[in-house]
1. Please enumerate the residues belonging to the range 138-150 that are buried (at least 21 other Cβ atoms within 10 Å of the Cβ) and within 20 Å of the chain's Cα centre (by Cα).
2. Can Gly164 be described as at pLDDT 95 or above, over 21 Å from Gly137 (Cα atoms) and of a type outside the set (A, V, I, L, M, F, W, C)?
3. Looking at the structure I just gave you, is Gln566 within 25 Å of Gly98 (Cα to Cα) and touching a Pro at 6+ places or on another chain (Cβ under 6 Å)?
4. When the range 388-414 is examined, which residues are found to be free of Cβ contacts under 8 Å to residues at least 24 places away in the same chain and crowded, with 19+ Cβ neighbours inside 10 Å?
5. Would you check if there is a residue in the range 202-213 being surrounded by fewer than 24 Cβ atoms within 10 Å (Cβ to Cβ), more than 13 Å from His42 (Cα to Cα) and of a type outside the set (Phe, Trp, Tyr)?
6. Which ranges mark the helices (runs of 4 or more DSSP H) fully within the range 65-146 that have 3 or more residues being among the small types (Gly, Ala, Ser) and under 24 Å from His343 (Cβ atoms)?
7. Given the criterion surrounded by 12 or more Cβ atoms within 10 Å (Cβ to Cβ) and not in a helix (DSSP H, G or I), identify the matching residue among Leu417, Leu437.
8. Would you check which residues across the range 390-429 are among the small types (Gly, Ala, Ser) and either more than 26 Å from the chain's Cα centre (by Cα) or farther than 27 Å from Lys92 by Cβ (or both) and list them?
Amino acid sequence: MKSLTPLIALIVLLPQTLATAECDKPNIRDKPNIIVFYTDDHGHADLSCQGVLKDIKTPNVDALARRGVLARHGYSTAPQCVPSRAGLLVGKFQSRFGVEANGYPLDGFDREQTIAERLQQAGYVTAQFGKWHLGPGPAITQHGFKHVFNQNAQRPFSANITLGAEDREMSNLKPERYHVDGCSEAAASIIERYKDAPFFLYVAYRAPHVPLDAPRKYLDRFPGKMPERRRQALAMLSAVDDGVGLITKTLAEHALTEQTLIFFIGDNGAPLKIHKADAPGGGPGWDGSLNDPLNGEKGMLAEGGMHVPFVVCWPGTIPAGQIYDHPISALDVAATAIAIANHDTPANELDGVNLIPYLTGQNDAAPHDTLMWRWTAQSAIREGKWKLLLAGDREYLYDLDADLEEKHNVAFEYPELVTRLRERLTSWAATLEPFALSNTPNAYNAFYDFYMDGKPVEPRAGSPRRSPARPELQGWISRNSELTVEDGSLCMSSKSSATAPFFVYNGLQLPGPVTATIQLTSSNRGEAAISWRTSTQKDFLPECKAVSEITTADQWATHTIELPVQGKLIHLRFIVPSGTTTIREFKLESPSGKAVVLWK
């Protein structure tokens, strides 16, 4: 008879072996939750924990800062909505995949992996709330978000969950709450539903971005004499703060506070429109938020354009009560989230860094040697205390330790430093799309005149329904005309009937031949023409011109103009009849499949 000893030993050891194997299995609940609060056109001054202004009240965000880190030098990736959101969600500088500014094609973004997609692969439940601005609402699930509650106004919005986080077919949902409150309530419901699983929530409030629409309950918190647009901004941010309070309270109720990493970041600086006009109504113009003490505003790579509110909180992991002075970036969100989720992402795929070792004190070095930006005709580099800012043909150098307000341009005092930083910026720009610093004239010259050069700029006269051309058309300049935006369309009114008005767009890199599709209406009949210049031409040549006739006045029509471009189109002029021409859509396409949407 064979001995039973080996069999007995196996039976004895089997439970222990199974238990060991079970312990070796990753416990998915041990992965920390991640929440990103992302505000919209929110000026640097407008958190009360910043200690800049006394009228702002954000006790719940202040509590996050007390329990974590207030980043004194936190930066967005762009001074504008679409590119900053694309950079945040992908974790790469957005010009690496062709989303440099509003109005640029989103094909590159569509091809990239987002934080949400990577975290889904790591076992996370993912949900998006509020403003998307990166394509159609129903398509948000294609970018890694299981649940969508895309409310950013008081109108029907795309959603596949209810306020109570119950599943529904993706379709339009009528608003039941003020948009900020709706996003907060739906996010809290998702936490209730998935309290036993790791989750990633992207809560992108459309506040305090125009249209200013705060309900009375929030407006009443800010009585007294002040600009009405300021009251609206304070009220909308108070709604945001209430939402942060509801969500953090829900975390606490389920003992998830120490299990959750939270970021609170602004997408770009506040639009002041230079004069902070307290225009009636809540439409285009100053949104009431403030960038103090920073110089500049949305649409500029000055500090006021992309140096934003930035708070990081993870109680029990990140020591509380920190004021962090090293520069950090919204690009760091993806790198940090993916690292703590243990997702297998090669380090060279992302442009940010995992902030946790720096914020916990394990690494006391600066997370970044440099931070760099390019946005149409503007580019900038920050290296330590030094910042070089290029805007068209203007050049500024600032010592941000001594001059955070960017009041003293010291470029002429440090020519060698300017040269070195410019060369470093130029080398970096060669990795972007297109592969260079822009030579486009800076469409924000008036802003640079006022903020950086101290020149007076007179307010623009005109209808309150019109505003200066939106930042998404940074490549556009108008000649012999006034360029404005009216009801979402680009509007050009000639200053004189004697000289034909025209648009100018530079900085293109489109291989020919090119097809232009323009939907427009004009107050006068006449000739519409496109002239172009290629990369090998120093000027516009007479033969590089194509014409289409506008045969009806004051009626919308779509014009298709074939441009027999030989080489690469870099610069175009669009000449229209005198009077007023309004454009709904302007698109360029080449047979290679590359397309550029200049307006839609």
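The values are calculated or read from the model by the stated rules, or taken from the named source; none is laboratory data. All of these numbers come straight from a predicted model, not from anything done at the bench. Cβ coordinates were reconstructed from backbone atoms using ideal geometry, including for glycine residues, and neighbour counts include every protein chain displayed.
1. Answer for the range 138-150, where residues must be buried (at least 21 other Cβ atoms within 10 Å of the Cβ) and within 20 Å of the chain's Cα centre (by Cα): Ile140, His143, Gly144, Phe145, Val148, Phe149, Asn150.
2. no
3. no
4. Within the range 388-414, just Tyr398 meets the criteria.
5. Within the range 202-213 (the criterion being surrounded by fewer than 24 Cβ atoms within 10 Å (Cβ to Cβ), more than 13 Å from His42 (Cα to Cα) and of a type outside the set (Phe, Trp, Tyr)), the answer is yes, since at least one residue qualifies.
6. In the range 65-146, the matching helices (runs of 4 or more DSSP H) lie at 81-90.
7. Testing whether each residue is surrounded by 12 or more Cβ atoms within 10 Å (Cβ to Cβ) and not in a helix (DSSP H, G or I) leaves just Leu437.
8. Across the range 390-429, the qualifying residues are Ala402, Ala411.
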